[in-house]
Amino acid sequence: MSPTPDRPVAVVGATGRLGRAVTDACARHGVRVTTVADSTGWTLGEVPAGVVIDASRPDALDAVAEHCAATGAALLSCVSGRPPQSEATLSALSQQVPVLIAANLSPLHWLQARAAELAARLALALVPDAEFTVIDRHPTTKLDAPSATAKNLAALLPERTTVLAQRYGHAVSDHHVVLTAGAESWELSHRVRDLRGPATAALTLAAWLEQARPGLYTAADVFAELAGAPA
């Protein structure tokens, strides 16, 4: 997970919590940030960015997609709570440049998802009446509930999985997958207390995008490739 982009990057949502963490990670790893954008507008650098890291809000997507199409920059979209119509925008952009959608930037979340998927498959073979629950805890500042991470976890589990969204407490998030079978329970948890790890992973994903062909990818695709695991 050590590679970083060779070219400068752009950070959209640079004054937000994740955007600040990404710019801090760039400073730690010697990655130049040439363009930034926030609620006040865009500040364009003299050197075009190779990858745009979008950590802003869903309503900024049109402007982000326009910038990527005009400059040829790849897009790493880290925005949650996107409306359904945004999928068409991202799909159209991916015909021109590489687009990677990352509902969750953490490699440890990817491990949780893979483990939960395997556990569900094995549990259903052994305990057909097992119950599955995803608990999604974020602070009250989290706008969407349940989160995209929780929805993605639930999609890997049986259709009858219950998703409980809780909004309280400290940053950043907790996601629990709970399997209940009679008087027994099994739990797989992932807790994030600051964004340094996910922000550093964003740079690894950006480095991968620099070498990618135009197309639509997910963080899970990349983590599987980097880990040498089947997709």
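The values are calculated or read from the model by the stated rules, or taken from the named source; none is laboratory data. All of these numbers come straight from a predicted model, not from anything done at the bench. Positions of Cβ are generated from backbone atoms using ideal geometry, with glycine treated the same way; all protein chains shown enter the neighbour counts. Heads up: the accessible areas ignore ligands, DNA and RNA and are worked out on the full protein's heavy atoms, side chains in. Shrake-Rupley method; radii C 1.70, N 1.55, O 1.52, S 1.80 Å.
Only protein heavy atoms count here; on that basis, with a 1.4 Å probe, Tyr217 has an accessible area of about 50 Å². Under 20 Å from the 7 Å Cα→Cβ point of Ala63, by amide nitrogen: which residues of segment 117-160? The answer is 143, whose backbone nitrogens lie closer than 20 Å to the label point.
The dipole here belongs to segment 78-191: it is taken about the Cα centre, uses +1 on the Cβ of Lys and Arg and -1 on the Cβ of Asp and Glu, and is about 320 debye. The angle separating the long axis of helix 17-29 from the principal Cα axis of greatest extent in the chain is about 70 degrees. Once both labels are positioned 7 Å from their Cα atoms along Cα-to-Cβ, the gap between His170 and Leu118 label points is 3.1 nm.
Computed about the Cα centre, the dipole magnitude for segment 1-159 is approximately 420 debye when only Lys and Arg (+1) and Asp and Glu (-1) carry charge, each at its Cβ. Using the 1.4 Å probe convention, the accessible area of the chain works out to 50 Å² per residue with neighbouring protein chains retained.
Estimated at 0.36 nm per residue, the fully extended path between Ala88 and Ala227 surpasses their Cα-Cα distance by 47.1 nm. Taking the Cα centre of each part, how many Å lie between segment 162-231 and segment 37-89? For segment 162-231 versus segment 37-89, the Cα centre distance is 21 Å. Please sort by residue number the GluC sites (Glu not before Pro) in segment 41-113 whose DSSP state is loop and whose Cβ has at most 11 other Cβ atoms within 10 Å. Sparse-neighbourhood loop GluC sites (Glu not before Pro): Glu46.
A 1.4 Å probe, protein heavy atoms only, puts the accessible area of His67 near 30 Å².
Using a 7 Å offset from the Cα along the Cα-to-Cβ direction at both Ala145 and Trp42, what is the distance between the two label points in nm, to one decimal? Here the modelled spin labels are 3.5 nm apart.
Solvent-accessible area assigned to carbon and sulfur over segment 1-101 amounts to 50 percent, based on a 1.4 Å probe.
Here the chain was treated as a single set of alpha-carbon atoms; its pair distances binned every 5 Å from 0 give 1, 7, 14, 18, 19, 16, 12, 7, 4, 2, 1, 0, 0 percent.
With all pairs of different C-alpha atoms in the average, the Kirkwood value for the hydrodynamic radius of segment 157-231 is 15.7 Å.
Two decimals is fine: what's Rg over Rh for segment 27-136, C-alpha atoms, Kirkwood radius as Rh? Present the calculation step by step, with values, prior to reporting the outcome.
Working: Rg = 18.5 Å, Rh = 16.6 Å.
Taking Rh as the inverse mean 1/r over Cα pairs, Rg/Rh reads 1.12.
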